[in-house]
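What follows draws every value from the coordinates through simple rules; no lab data is involved. Everything quoted here is computed from the prediction, not taken from an experiment. Using ideal geometry, Cβ is built from the backbone for each residue, glycine included, and neighbour counts are taken over all protein chains shown.
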Amino acid sequence: MKDTILIDLGDTLVKNKEISIKNGLVAIYNYLNIKKKEFVDYGINLFNIMDNSRQKTSIEISLNDYLTKLFEKLGIDKNLINEKLEEIFYENCEKNEEIKDAQLFLKYLKQKKYLIFIVSNSIFSSKLLKITLEKFKLLAYIDEVYSSSDLGFRKPSREISEKVSKELQLVKEKCLMIGNDIRIDGGFATNSDIDFIWFNSKNEQGNCPKMIANINVYTELIEKWGEIID
């Protein structure tokens, strides 16, 4: 009997319509009245370098780490970096919308008394991700949010699987993962040795050893939940 649901955030519960590092940097540039004209262009180049590394190694960078390195490189006082500054960057960087019927699905799970945990790959902390969940009225259904930014590793690495498993004291047979990316979320499930439901809204082709269902919309998942889980 399952009692714990791990679920991805971006493009699983919330659609990432736009992610613009430039917009985040411009917002900081204006907020702090930074005098260095190269701030935005240098910041974009630095992020691209750091992003390439995180994709290859699965070692995550946090927004704080990124901004600290950027400020140090340009000789800007890194003590200016605080939670408010990170929030300004985040709110200007990402434009999101709720995936259709995501709230309906989370409500369905809560009515069935499941524990629900977000496990997301992001440079943004769990505290920042909760802003988006609250915006779309999803946070009330979530027991906790885990971001790779806080954990130091990205899905599907074994390191993040082990950290989440240890933190939640997961019983593998009672847990499953839901996500939109067969490689990342399916890989996380495989490395965690837990069942996987692919939220495959784009009707892509793929498979993974732990996949128990391939679903396109949440209403279908609700309808077939008992059949899939039982």
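Between D77, D101, D41, the distinction of being within 20 Å of the chain's Cα centre (by Cα) and surrounded by fewer than 19 Cβ atoms within 10 Å (Cβ to Cβ) belongs to D101 only. Screening M1 against (1) farther than 20 Å from N180 by Cα; (2) in contact with a Gly (Cβ under 8 Å, 6 or more places away or on another chain) leaves a single unmet condition, (2).
Of the residues screened, L70 is one that is without any contact (Cβ under 8 Å) to a residue 40 or more places away in the chain and crowded, with 16+ Cβ neighbours inside 10 Å. Filtering segment 188-214 to residues that are of a type outside the set (A, V, I, L, M, F, W, C), in contact with a Phe, Trp or Tyr (Cβ under 9 Å, 6 or more places away or on another chain) and within 21 Å of S165 (Cβ to Cβ) leaves T190, P209, K210. In segment 130-230, counting only strands (runs of 3 or more DSSP E) that sit wholly within it, none holds 1 or more residues that are out of contact with any strand residue (DSSP E or B) (no Cβ under 7 Å at 6 or more places or on another chain) and polar (S, T, N, Q).
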